[in-house]
Amino acid sequence: MSGAGKPDFFYREAQRLGYVARSAFKLLQMQKQYKLITPGSSVLDLGCAPGAWLQVACQSLGPLKNGGLVVGIDLKKVKVPAEHCDSRVQTVCADVMKLPRAHVRELSPQKGFSVVLSDMCPLVSGISSKDAALSLELDDNGVLRRGGNLVIKLLESEDVQEINKICKPLFRKASLLRPKATRSSSREIYLICQGLQSQAKT
Ligand SMILES: C[S@@+](CC[C@H](N)C(=O)[O-])C[C@H]1O[C@@H](n2cnc3c(N)ncnc32)[C@H](O)[C@@H]1O
């Protein structure tokens with residue numbers, strides 16, 4: 001639904017195309033512009049409920065024979081959506097901030113992920129953008145593999161400058177995107193980092 005309480009374009013499109021939430025169009029736009037997920041990718045989706053990004057991530061892996069994996073984590077129990085998802089998608093019910101990093105890395109057979117998506121709201125989760133980037137994905141026990149891509153939802157504030165400054169030297173490319181499907185009343189903005197260059201996982 002829109003902020004005004006009536007279905008908007010993206011809500012109706014999500015229903016029509018079998019996505020469980022309009023947020024699917026945010027990741028679809030990122031995919032179109034940045035090609036973050038490729039066939040065979042291992043994707044970690046932090047804050048995955050109700051599962052629209054799981055659907056888009058799985059679609060982006062291509063046919064089942066291409067392999068790949070999507071692991072979603074959320075405080076809420078998430079049933080893997082029947083549409084657009086297949087056996088490569090699994091979910092874990094947990095508080096991301098309380099999960100040992102080593103445990104998260106073990107969720108991928110390669111001991112780390114090639115794509116990490118975080119759609120957790122910093123204010124709701126209590127995770128500052130700095131924490132999210134440094135302690136979650138990028139530190140020595142981080143879960144993002146060398147060459148990997150990272151998407152973090154931020155709120156437009158001074159945090160954006162700070163996290164951009166931290167991430168820029170670590171990645172080949174860092175960009176900011178406010179997707180078309182973001183509601184006009186929202187302050188959300190996504191930091192998209194491509195090609196992790198340091199603190200490498202082999
Ligand atoms: C905006 S929703 C994600 C929508 C999702 N990307 C989709 O397209 O379906 C944010 C989610 O982050 C989850 N979340 C917030 N803090 C969390 C934490 N510390 N650990 C796990 N999940 C968290 C919330 O429960 C919520 O479901």
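Coordinate-derived values only; no laboratory data. Please read all numbers here as calculations on a predicted model, not as lab measurements. So basically every Cβ, Gly included, is an ideal-geometry build from the backbone, and we count neighbours across all protein chains shown.
Let me know the Kirkwood hydrodynamic radius for the stretch 22-196, please, with Cα pairs as the basis and the value in Å to one decimal.
For the stretch 22-196, inverting the mean 1/r across all distinct Cα pairs yields 15.9 Å.
Expressed in nm to one decimal, what extension gain is obtained for the pair Asp86 and Asp8 from 0.36 nm per residue of sequence separation less their Cα-Cα distance?
Answer, rounded to one decimal: 25.2 nm.
So which of Lys35/Lys168; Lys35/Lys153; Lys98/Lys153; Lys98/Lys173; Lys32/Lys173; Lys79/Lys153 end up more than 21 Å apart, counting from Cα to Cα? The partial results should precede the final answer.
Values: Lys35/Lys168 18 Å; Lys35/Lys153 17 Å; Lys98/Lys153 19 Å; Lys98/Lys173 29 Å; Lys32/Lys173 16 Å; Lys79/Lys153 23 Å.
Going by Cα-Cα distance, Lys98/Lys173; Lys79/Lys153 fall outside the 21 Å limit.
Taking the Cα centre of the stretch 22-196 as origin and charging only Cβ (+1 Lys, Arg; -1 Asp, Glu), how large is the dipole, in debye to the nearest 20?
Values: 25 positive and 16 negative charges, 101 e Å.
So the dipole magnitude of the stretch 22-196 works out to roughly 480 debye.
Taking 41 Å as R0, compute the FRET efficiency from the Cβ-Cβ separation of Leu64 and Glu162 and round it to 0.05.
So the FRET efficiency works out to roughly 0.50.
Antiparallel as a % of all DSSP beta bridges within the stretch 22-196, to the nearest 5?
Here the share of antiparallel DSSP bridges comes out near 40 percent.
Packing-wise, with mean Cβ within 10 Å as the measure, how do 94-104, 17-27, 44-54 rank, highest first?
Ranking the peptides 94-104, 17-27, 44-54 by packing returns 44-54, 17-27, 94-104.
If each residue of separation counts as 0.36 nm, what is the full-extension length gain between His103 and Arg16 once their alpha-carbon separation is subtracted?
27.6 nm
Order these by the 10 Å Cβ neighbour count, fewest first: Arg187, Arg145. Walk me through the numbers on the way to the answer.
Values: Arg187 12, Arg145 21.
With the sparsest Cβ surroundings first, the list reads Arg187, Arg145.
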